[in-house]
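The values are calculated or read from the model by the stated rules, or taken from the named source; none is laboratory data. Predicted model only: the values in this text are computed from it and were never measured. We place every Cβ from the backbone using ideal geometry, glycine too, and count neighbours over all the protein chains shown.
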Amino acid sequence: MSKVISITNAQIKQQGKLVLKDVYLDLEENDFVYLIGKTGSGKSSLMKTLYAELLLTEGDAMVAGFNLKRIKRKEIPFLRRKIGIIFQDFQLLMDRNVIQNLYFVLKATGWKKKEDIHKRALSCLQLAGIEHKANDFPHTLSGGEQQRVSIARALLNDPELILADEPTGNLDPETSVEIMQLLVAVAKEQKTAVLMATHDMEVVRKFPGKILRVEEGEIRESRMM
């Protein structure tokens, strides 16, 4: 199996302040890993470093074949094409319908032919079980439906890695279970590694995976309590 993430002795900083020290992290294709820890512990800073919103200056990190320490600004969009990101607050464009949200991402990441764009968008909506809402606007959808759309959006460029930042944070328990079932199934089918930041320990209990705890500026492997 190939490594999707390989981080060695990284120091992660935000606005010059050290947030995480001595970070070692390996993720292989098919891995499903939880990142747990208190608000402000550094989970989001790690996520932002992985998709090069925060630049790495100390240590070594390879993500989806890109060296984060040496990455050039013009290469960052190519890194992000290999990463699907799922947010807690969905971050859908409210002025266009569901399938147009997906068209927008495909066009922004270099897809040109209308026919190919439509076909890819529709197939990802089908994968996420939300194709029947393709022409609806996001504000008319439930939270669970919006999160299905954002999962479909994350899959558009056949990513090697999905970063899920509190994907069940705004959902009720029943919907959270549905979204997790989808995420686990899709990751397995697509052979995609998943790193999921969460506070939802009920989800972690129901869908076991490797657990990393962010605490006192360090990331340690943890067991379910």
- Item | Members of the stretch 105-143 found to be of a type in the set (Gly, Ala, Ser) and within 23 Å of Asp89 (Cβ to Cβ), listed by number | Ala108, Ala121, Ala128, Gly129, Ala134, Ser142, Gly143
- Message: Criterion first (touching a Phe, Trp or Tyr at 6+ places or on another chain (Cβ under 8 Å) and not β-branched (Val, Ile, Thr)) does Glu75 satisfy it?
- Response: yes
- Message: Among the residues in the stretch 157-179, are any assigned to a helix (DSSP H, G or I), buried (at least 19 other Cβ atoms within 10 Å of the Cβ) and in contact with a Phe, Trp or Tyr (Cβ under 9 Å, 6 or more places away or on another chain)?
- Response: no
- Query: Which ones in the stretch 119-156 are assigned to a helix (DSSP H, G or I) and among the β-branched types (Val, Ile, Thr)?
  - Reply: Thr140, Val149, Ile151
- Query: in contact with a Gly (Cβ under 6 Å, 6 or more places away or on another chain), touching a residue at least 60 places away in the same chain (Cβ under 8 Å), of a type outside the set (Val, Ile, Thr) and buried (at least 19 other Cβ atoms within 10 Å of the Cβ), is that true of Ala154?
  - Reply: yes
- Note on the structure: Output for Cβ contacts, cut-off 7 Å, separation at least six or different chains, first residue under 17 Å from Arg81 (Cα atoms) in the stretch 108-134, second part of a helix (DSSP H, G or I) and among the small types (Gly, Ala, Ser), reads Cys124/Ala152
- Query: Which of the residues that make up the stretch 14-63 are more than 24 Å from Thr168 (Cα to Cα), in contact (Cβ under 8 Å) with a residue 60 or more places away in the chain and buried (at least 20 other Cβ atoms within 10 Å of the Cβ)?
  - Reply: Val19, Leu20, Val23, Val63
- Scan the stretch 103-118 and give yes if some residue there is part of a helix (DSSP H, G or I), more than 30 Å from Arg205 (Cα to Cα) and acidic (Asp, Glu), otherwise no. yes
- Of residues in the stretch 180-225 being at pLDDT below 90 and polar (S, T, N, Q), the one farthest from Glu166 (Cα to Cα): Gln190
- Could you tell me whether Asn9 is over 28 Å from Ile130 (Cα atoms), among the polar types (S, T, N, Q) and at pLDDT 90 or above? yes
- Would you confirm whether any residue within the stretch 72-90 is part of a strand (DSSP E or B) and out of contact with any Leu (no Cβ under 9 Å at 6 or more places or on another chain)? yes
- Message: Tell me the residue from Lys82, Lys107 that is surrounded by 14 or more Cβ atoms within 10 Å (Cβ to Cβ) and closer than 30 Å to Glu178 by Cα, please.
- Response: Lys82
